[in-house]
Every structure is written in C-alpha cells, then in structure tokens.
Amino acid sequence: MSSQPLSPQDAAKKHAAEAAIPYIEEGSIVGVGTGSTVNFFIDALAKVKFDLEGAVSSSEESTKRLKALGIPVYDLNGVPEVTVYVDGADEINRHLQMIKGGGGALTREKIVAAVAKTFICIADKSKYTLKLGDFPLPIEVIPMARSYVARELVRLGGDPVYREDFITDNGNIILDIHHLDILEPIKLEEAINNITGVVTNGLFAARSADIALLSDGHTIETLTR
Ligand code: 5RP
C-alpha cells in the first residue's frame, strides 16, 4: 500500500517532530501535546528502540493516538515528574513565547507545560514570527461567561469570534481573538487570565518553551532561551 507524499509543510512538521526524540530519556514518562506536528512525534515515539515508561497527554485526541500505538498513558496526578514536554505551536517568537490552542487543547497543554521541567516546541518554520498576534488568540471560556468575556476582550482591543460547533475536552467554549496588539505577551496573558470566566488563554508567555526545534524540511534550527 503506497502512502501519499507529504506536503512541504507536513514534511517540515515531521522533521521537527523526529528531532525531539533524542531529548527523551529512557524509562521516562514524556509529556505529549496536541496537533498535527505532535501526531508525527507520537508516531516517532512508537518506533523508539529504548524503553519508554509511557506518556501524560494534553488531550483526548493525543491519548487515543498514544494508546492505539501501544504507549501507556498515565494520569498526571499520579506522576511525580515530567522531565520533557513536547508540543507544537501556532506562533512562536524569539523569546520562545507562543500562541497555542489552534486545536483547542490549550488548558491541558498549559497544565502539562507547567509541570514539565523542559518544554520542547516542535514546529515548521512558518510558525516563527517576530511579533505574536497574526494568529487569532484562542481563549477557553466557561460557557455562561461567553458574552461577558467577549465584551471584556473588546475592551482590551480584540475582536472575539466564537468558535462554532466546538467544545473543549473540559466542556467549555473557545473564543478566538483577532487583531490583538500583543506588545507585552506576559502582561496580556495575565490580564486575560484575570477576566472572570476565562479558564485559560493561548498565550504561553509566562511559561514559554525552553527549546524550539524549527524545521524548513531540510535543516533544524534549535533555539533556546
Ligand atoms: C493545539 C495546539 C497545537 O500545538 C497548535 O495548534 C499547533 O498545531 P499543528 O501542529 O497542527 O500546527 O496548540 O491546541
């Protein structure tokens, strides 16, 4: 059975994903993010020759894929430490601050990232940007607070768009905020978190990545903080 050739962007995602494998320690429990780049990472993880104890997962989707490939998935509450967390990004800047949540898994991603000692971002090079904000910022919101949170986000200068027909793994909704002027990512992350009804926002600035592996399909650029 022949498989379709990958698009140049998917080839770059796969290349970045495979570059993360040498960072995974034998016998460890690895934190696994969500998205198409991470799917390539999960596929690569299933092929490693060393003993991997298992994974903690940031979404139902990744959990399903990990289990289907025979990788045990643990409850984060029962895991003493996560040495490495590997996840993609929708945008990443030179400080390794990111916008994430295009796939709607931002809350669990932020939790696993908070626990992990080292956060490795894997991405194709198109995700690199000098200034975050071209990608609409996803915000997970308690459903009954949707209109209130949207009005508050307008006050912060954004244009909120309700993500239709989408419920997060935690039973909440997503507002995607367009046209935000993200001059100070850490301050904006904090300000949005302070709006009552917001569960999480997709700015990963206070806890940025520690290492970014960016691929153009041929070479890996490694960025560190
Ligand atoms: C999901 C995410 C993903 O990491 C982000 O959307 C990037 O996805 P992809 O690897 O498919 O480009 O934050 O919530």
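Could you work out which residue, out of 209, 17, 44, moves most in a Gaussian network model of the chain, that is, has the largest mean-square fluctuation with Cα springs under 10 Å?
44
Which net charge results when you count Lys and Arg as +1 and Asp and Glu as -1 among the other residues whose beta-carbon is under 15 Å from that of residue 213?
Spelling it out: positives minus negatives among the neighbours equals 0.
Using a Gaussian network for the chain with springs between C-alpha atoms less than 10 Å apart, which of these wobbles most: 190, 164, 53?
164
Before rounding to the nearest 500, sum -39500 (n - 2.57) across all DSSP H runs of length at least 4 in the chain and divide by the residue total; then give [θ] at 222 nm in deg cm²/dmol.
Details: 6 runs with 60 residues, N = 225.
When only DSSP H runs of four or more count, the value is -8000 deg cm²/dmol.
Would you calculate the volume per residue, in Å³, of the smallest convex hull containing every Cα atom of the range 1-56?
Working: hull volume 5.1 nm³, N = 56.
Hull volume normalised by residue count: 91 Å³.
Treat each spin label as a single point 7 Å out from the Cα along the C-beta direction, and report the residue 60 to residue 126 distance in nm.
Computed distance between label sites residue 60 and residue 126 equals 2.9 nm.
Would you look at the GNM of the chain, springs on alpha carbons closer than 10 Å, and say which of 40, 166, 135 moves the most?
In the Gaussian network model the winner is 166.
Tell me the net charge near residue 72. Cut-off is 12 Å between Cβ atoms, residue 72 excluded, with +1 for each Lys or Arg and -1 for each Asp or Glu. Spell out each step's value before the answer.
Numbers: positive: 67; negative: 51, 53, 75.
That works out to -2.
Less than 20 Å from a label point 7 Å out along the Cα-to-Cβ axis of residue 151: which backbone N atoms in the range 180-203 qualify, by residue?
Under cut-off, by backbone N: 191-199.
Under a cut-off of 26 Å between alpha-carbon atoms, report the lysines in cross-link reach of residue 110, not counting same-chain residues fewer than 8 places apart.
Counting by Cα, and skipping residues close in sequence, residue 110 has these lysines nearby: 13, 14, 64, 67, 100, 125, 127, 131, 187.
Express the C-alpha Rg of the chain as a ratio against the empirical globular expectation 2.2 N^0.38 Å, rounded to two decimals.
Working: Rg = 17.2 Å, N = 225, 2.2 N^0.38 = 17.2 Å.
Relative to the 2.2 N^0.38 Å estimate, the chain comes out at 1.00.
Can you give the percent of C-alpha pairs in the range 88-138 whose distance is more than 15 Å? Each step should come with its number before you reach the end.
Values: 567 of 1275 pairs.
Tail fraction, whole percent: 44.
Give me the one-decimal nm value for the distance between modelled label points at residue 25 and residue 224, 7 Å along each residue's Cα-to-Cβ direction.
Calculated label separation equals 1.6 nm.
In the neighborhood of residue 25, defined by Cβ-to-Cβ distances under 12 Å, what is the net charge if each Lys or Arg adds +1 and each Asp or Glu adds -1? Please report the intermediate quantities before stating the final value.
Numbers: positive: 117; negative: 26, 51, 53, 81.
With Lys, Arg at +1 and Asp, Glu at -1, the net is -3.
Quick one: dipole size for the chain, taken about the Cα centre, charges +1 on Lys/Arg Cβ and -1 on Asp/Glu Cβ, in debye to the nearest 20.
Numbers: 22 positive and 31 negative charges, 20 e Å.
The dipole magnitude comes to about 100 debye.
No lab work stands behind these numbers, since they all come straight from the coordinates. Please read all numbers here as calculations on a predicted model, not as lab measurements. Cβ coordinates were reconstructed from backbone atoms using ideal geometry, including for glycine residues, and neighbour counts include every protein chain displayed.
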